[in-house]
Amino acid sequence: MRHSPVIPSRGPVPLAGGTAPGRVPLVAVAHGSKDPRAAATVAALLDQVPLDVRVAYLDHCAPTLGQALCGLEEAVVLPLLLTEAYHSRVDLPAALNEVRAREPRLRVHYGSTLGPHPLLLAALERRLAEAGVRPGDPDTAVVLVSAGSSDARANAVVSGLARTWRRSGWWTVTAAYASAAAPAPEEAVAALLRAGAPRVVVAPYLLAPGYFADKVRRAALAAGASAVADVLGPAPELVDVLLERYEAAQRQPVSLVG
C-alpha cells in the first residue's frame with residue numbers, strides 16, 4: 001500500500017504512476033488527535049490496506065478532507081469511526097459537501113463507519129487475549145468501553161454490542177463510556193465486583209491510543225480491574241472491515257452527501 005506524502009500547507013502530493021487501474025482511491029477519515037500515537041496507529045492500520053489510500057482528519061491535525069481529496073476525480077470516502085454519531089452524520093458530510101461545492105466534478109462514494117460489525121468482536125477478543133484473558137471465560141466479566149457520545153443512538157449501539165458479546169460465554173459483558181454517558185468505566189468495574197464477578201477486565205472500543213484510552217486504563221485499574229486490553233489499532237480484523245466497507249461503497253452510485 002502506498003500513502004500520498006502530505007505537506008501540511010499544500011495537501012497530499014500525487015503518487016508517481018497514479019492510481020492502480022480500475023481501483024478508486026480510498027480517502028480514510030479519522031477523528032484526529034493531538035496525541036501523535038493516534039496518527040501513527042491510523043498509519044499502521046492503513047499500511048495494511050492494498051489500495052491507493054489517503055488519510056484525512058476531522059480535527060487536531062492535517063491533512064483535512066479537502067487536502068486529501070485534492071487532485072482526485074473520484075474517491076471512496078470512509079469514516080474511520082466505530083459508531084454512527086455526530087461526526088459521521090454531521091461533521092464529515094458537511095466537510096464533504098464543502099469540497100463538492102468547490103469541486104463539482106469530483107465523484108465521491110461515501111461509505112459506512114467501521115462499526116458495528118461482527119469482526120470487531122473478534123478484534124476485541126484478540127486484544128483481550130493479548131492481555132492474558134481467555135476468550136469467553138465464564139469467570140470473567142468484561143466492561144466494553146467506548147468514547148461515549150451525546151447521541152443516544154451511538155451509545156445504544158455499544159450497549160447492543162455488549163449484549164451480543166455476552167453470549168460468548170463470559171460471566172457477563174456490560175457497556176461503559178469514557179465521556180458523555182453513564183456508566184463510566186470505573187463505575188461499571190466497581191458494580192460488577194460488588195455483584196460478585198470473580199474477575200473484571202476492560203476492553204476499550206477505541207481505535208487509537210490517546211486521552212480516552214489513557215483515562216480508561218487509569219480509572220479501570222484503580223477501580224479493581226484485573227486487566228485492560230489495548231485499543232483496537234491495526235488489528236487485521238479492522239483491515240477486513242475496512243475493505244468490506246470500501247467494496248460496498250464503491251458499488252453505490254455517486255451522489256451528494258447529506
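The values are calculated or read from the model by the stated rules, or taken from the named source; none is laboratory data. Not measured: the values here are computed from a predicted model. Counting neighbours? That spans all protein chains shown, and the Cβs are built from the backbone with ideal geometry, glycine included. Heavy atoms of the whole protein, side chains included, go into the accessibility calculation; ligands, DNA and RNA do not. Shrake-Rupley method; radii C 1.70, N 1.55, O 1.52, S 1.80 Å.
Just a few scattered comments:
- Scanning the stretch 163-178 for residues that are closer than 11 Å to LEU144 by Cα and either without any contact (Cβ under 8 Å) to a residue 24 or more places away in the chain or in a helix (DSSP H, G or I) (or both) turns up ARG163, TRP165, ARG166.
- The test for being more than 19 Å from ALA129 (Cα to Cα) and part of a strand (DSSP E or B) does not hold for ALA190.
- The listed residue being modelled with pLDDT of 95 or more, surrounded by fewer than 17 Cβ atoms within 10 Å (Cβ to Cβ) and under 23 Å from THR41 (Cβ atoms), out of ALA131, ALA75, ALA68, ALA123: ALA131
- Identity of the residue in the stretch 193-217, assigned to a loop (DSSP other than H, G, I, E, B) and touching a strand residue (DSSP E or B) at 6+ places or on another chain (Cβ under 6 Å), that ends up farthest from THR172 (Cα to Cα): TYR205
- Residue in the stretch 98-113 that is of a type in the set (D, E, K, R), under 22 Å from VAL145 (Cβ atoms) and open to solvent by 50 Å² or more (accessible area, probe 1.4 Å) present: no
- Options GLY11, GLY32: the member that is closer than 29 Å to SER149 by Cβ, open to solvent by less than 30 Å² (accessible area, probe 1.4 Å) and modelled with pLDDT under 95: GLY32
- VAL53 meets the conditions (1) open to solvent by 20 Å² or more (accessible area, probe 1.4 Å); (2) closer than 22 Å to PRO209 by Cβ in every case but one. The failed one is (1).
- Conditions (1) in a loop (DSSP other than H, G, I, E, B); (2) touching a residue at least 60 places away in the same chain (Cβ under 8 Å); number of the one not met by ALA62: (2)
- Subset tally (residues that are within 27 Å of SER112 (Cβ to Cβ), open to solvent by 40 Å² or more (accessible area, probe 1.4 Å) and not hydroxyl-bearing (Ser, Thr, Tyr)) for the stretch 145-202: 8
- Test: residue in the stretch 140-162 that is among the β-branched types (Val, Ile, Thr) and free of Cβ contacts under 8 Å to residues at least 60 places away in the same chain: no
- Matching residues in the stretch 218-238 - criterion: being under 16 Å from LEU128 (Cβ atoms), open to solvent by 10 Å² or more (accessible area, probe 1.4 Å), touching a Pro at 6+ places or on another chain (Cβ under 8 Å) and not in a loop (DSSP other than H, G, I, E, B): VAL228
- In the stretch 82-112, the residues that are in a loop (DSSP other than H, G, I, E, B) and either at pLDDT 95 or above or touching a strand residue (DSSP E or B) at 6+ places or on another chain (Cβ under 8 Å) (or both): LEU82, THR83, LEU106, GLY111, SER112
- Selected residue [at negative phi and not in a loop (DSSP other than H, G, I, E, B)] from ALA123, ALA181: ALA123
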